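Structure first, then comments.
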Amino acid sequence: MEENMTHASPDAPPVREAVTVQGMSIAYVSDDRYNAVVNDVSFSLQQSDRLAIVGESGSGKTTLAMAVAGLLPSRIAKIDCSAASIAGKNVDMSASAAVIPTRRQGVSMIFQDAMTSLDPVASIGHQFRTVLGSLTSQSRSQIRKEAVQWLDKVGIHEPERVIKLHSYEMSGGMRQRVMIALALCSKPLLLIADEPTSALDASVSRRVMDLILELTAELGTALIIITHDIDLAREYTNKSLVLYHGHVQDFCDTAQFGDENRSPYTRSLLACVPRLNSYDLDALPTLDHNAALTKEA
Ligand SMILES: Nc1ncnc2c1ncn2[C@@H]1O[C@H](COP(=O)(O)OP(=O)(O)OP(=O)(O)O)[C@@H](O)[C@H]1O
Ligand SMILES: [Mg+2]
């Protein structure tokens with residue numbers, strides 16, 4: 001399902017609203033039974049926004065992201081959404097039409113595991129041709145030139161050599177950089193990064209996050225980062241959406257994460273983040289330790 005939309009471009013007039021989702025609920029379908037995993041989620045982002053979606057495993061973060069990106073087919077999921085728009089244009093985000101999932105135009109997504117997300121049998125150059133060839137009428141050599149520029153932009157050394165490689169011939173950090181280049185070369189209005197750095201070591205992880213931030217800011221692309229890392233959310237995002245069992249507990253400015261008027265669940269989640277003075281505790285706090293708070297949520 002491809003909507004007719006324009007892409008963000010540094011030369012284009014500023015578009016303030018990137019994406020708005022109102023009342024999105026998602027249920028997985030199995031043997032004619034529905035398993036509701038996301039319930040009545042609403043959020044709105046401007047192009048300059050960077051949203052963190054946080055919540056424990058199974059809370060529905062990836063499901064929500066896949067629905068927004070148009071990657072959930074009607075065969076496995078039922079999506080209800082009272083209204084949605086990208087760059088001010090109405091978009092049908094219900095899964096009923098998405099028999100074959102196709103990336104929603106204007107939205108790109110990168111995943112935790114670049115090894116399984118990149119095509120193992122196609123060279124990196126071929127994968128750029130697939131993305132850029134579907135968007136422009138450029139010749140093969142023009143696309144190759146643009147792909148090399150993108151590889152250079154994401155910090156890949158010897159891009160002319162790397163463009164001929166396959167994903168299994170690269171390190172994890174290189175693969176993640178290639179995936180970022182492939183996601184951003186279409187100049188999307190929204191980039192969704194699903195735990196983009198959790199498979200990388202701490203120093204590479206920060207460099208990759210810095211790169212994502214720098215490039216999305218340059219393109220005017222709004223960013224959604226799905227993460228378990230509260231400190232990463234605090235460092236790299238300005239808005240946060242906290243999910244618990246598919247329900248929104250908080251949608252707030254990240255700077256106000258620790259405020260007293262946050263939900264009991266959010267406060268419980270924050271209380272689990274280890275601090276420098278945690279060394280004198282017998283055990284680090286867990287959500288179970290804060291069960292009283294969680295039950296209130
Ligand atoms: N294809 C699927 N079919 C049926 N149920 C699914 C499917 N994918 C996910 N689920 C279920 O939906 C719920 C939400 O899963 P989801 O992957 O969205 O959670 P998550 O918050 O991204 O978790 P994690 O942090 O572990 O990645 C879980 O209970 C999961 O078992
Ligand atoms: Mg997930």
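The values are calculated or read from the model by the stated rules, or taken from the named source; none is laboratory data. Remember, predicted model here, so these are calculated numbers, not experimental data. Every residue, glycine as well, gets a Cβ built from its backbone with ideal geometry; the counts of neighbours run over all protein chains shown.
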Residue in segment 41-62 that is farthest from ligand 2 (Cβ to nearest atom), counting only those that are assigned to a strand (DSSP E or B) and of a type outside the set (A, V, I, L, M): 46
Qualifying residue in segment 192-214 (condition: within 16 Å of ligand 1 (Cβ to nearest atom) and on the phi > 0 side of the Ramachandran plot): yes
Residue check, residue 224 touching a residue at least 40 places away in the same chain (Cβ under 8 Å) and either of a type in the set (S, T, N, Q) or surrounded by 15 or more Cβ atoms within 10 Å (Cβ to Cβ) (or both): yes
Residue identified as in a helix (DSSP H, G or I) and either out of contact with any Leu (no Cβ under 6 Å at 6 or more places or on another chain) or among the acidic types (Asp, Glu) (or both) among 192, 225, 212: 212
Matching residues, segment 74-83, being surrounded by 15 or more Cβ atoms within 10 Å (Cβ to Cβ) and either closer than 21 Å to residue 263 by Cα or within 12 Å of ligand 1 (Cβ to nearest atom) (or both): 77, 78
Selection count, segment 42-70, where residues are within 15 Å of ligand 1 (Cβ to nearest atom) and surrounded by fewer than 18 Cβ atoms within 10 Å (Cβ to Cβ): 3
Check on residue 235, more than 16 Å from ligand 2 (Cβ to nearest atom), on the phi < 0 side of the Ramachandran plot, part of a helix (DSSP H, G or I) and among the charged types (D, E, K, R): yes
Selection within segment 74-86 - more than 16 Å from ligand 2 (Cβ to nearest atom) and either over 12 Å from residue 104 (Cα atoms) or not assigned by TED's automatic domain parsing to the domain that holds residue 46 (or both): 74, 75, 78, 79, 80, 81, 82, 83, 84
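Checking the conditions here, which among 31, 113 is at pLDDT below 95, at positive phi and within 16 Å of ligand 1 (Cβ to nearest atom)? Break it down stepwise before answering.
Details: 113 fails: at positive phi.
Matching residue, one of 31, 113: 31.
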Which numbered condition residue 127 fails, given (1) of a type in the set (S, T, N, Q); (2) under 26 Å from residue 250 (Cβ atoms); (3) surrounded by 16 or more Cβ atoms within 10 Å (Cβ to Cβ): (2)
Residues located in segment 76-96, provided they are under 19 Å from the mean Cα position of the chain (by Cα) and either among the acidic types (Asp, Glu) or within 9 Å of residue 20 (Cα to Cα) (or both): 84, 85, 86, 87
